[in-house]
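J.: Pasting in a structure now, in structure tokens, and then I'll have a few things to ask.
What follows is calculated from the coordinates using simple rules that are stated; it is not laboratory data. These figures come from a predicted structure and were not determined experimentally. Note that we place each Cβ from the backbone using ideal geometry, even for glycine, and neighbour counts take in every protein chain shown.
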Amino acid sequence: MWEYPVFVRDRTLSPEHLKKPPGQAKLYRPDMVTAILKDQTLPKAKLAKLLQTEKGMSKSTSYKLLDEAERLGMIKNDAQGRWKASAVRITNLAELDFGKPDA
């Protein structure tokens, strides 16, 4: 609000009502894969099907999520091509420390 010659804070406004970043919030996260797997070892197709039925995601989304979980090292496959959760489990991706950014 403007009252000449200075700005005056409008206390009726709330930061929660500010514009949000564009795009839809992520509904599916890679840690969902390890939650589905638990201590099982499953073929990729069966694991994708479980994600589809239990989490309600599309086929393409389930495979993208599996690829992301593999890239992050959350799952790995054995010699028979079956997938299992890796020994290192990431439960909260927000807590990852990537070090200081280059200045």
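J.: Report the gain in length on full extension from residue 13 to residue 39: 0.36 nm times residue separation, minus Cα-Cα distance, nm rounded to one decimal.
T.: Extending this stretch completely gives an extra 4.5 nm.
J.: Is there a pair in 26/64; 20/59; 26/55; 46/84; 44/76 whose C-alpha atoms are over 20 Å apart, and which pairs would that be? Walk me through the numbers before you get to the answer.
T.: On the way: 26/64 13 Å; 20/59 29 Å; 26/55 13 Å; 46/84 12 Å; 44/76 10 Å.
Over 20 Å Cα-Cα: 20/59.
J.: If packing is taken as the mean number of other Cβ atoms within 10 Å per residue, what is the order of 8-16, 76-84, highest first?
T.: Working: 8-16: 7.0, 76-84: 12.1.
Ranking, from highest mean packing down: 76-84, 8-16.
J.: Treating the beta-carbon of each Lys and Arg as +1 and of each Asp and Glu as -1, no other charges, what is the dipole magnitude of the stretch 25-88 about its Cα centre, to the nearest 20 debye? Kindly include the intermediate steps, with their values, before the conclusion.
T.: Details: 13 positive and 7 negative charges, 33 e Å.
For the stretch 25-88, the charge dipole is close to 160 debye.
J.: Then there is this: By counting other Cβ atoms within 10 Å of each Cβ, how are 66, 42, 47 ranked from fewest to most? If you can, show how the numbers build up before the last one.
T.: Details: 66 19, 42 16, 47 24.
Taking fewest neighbouring Cβ atoms as first place, the list is 42, 66, 47.
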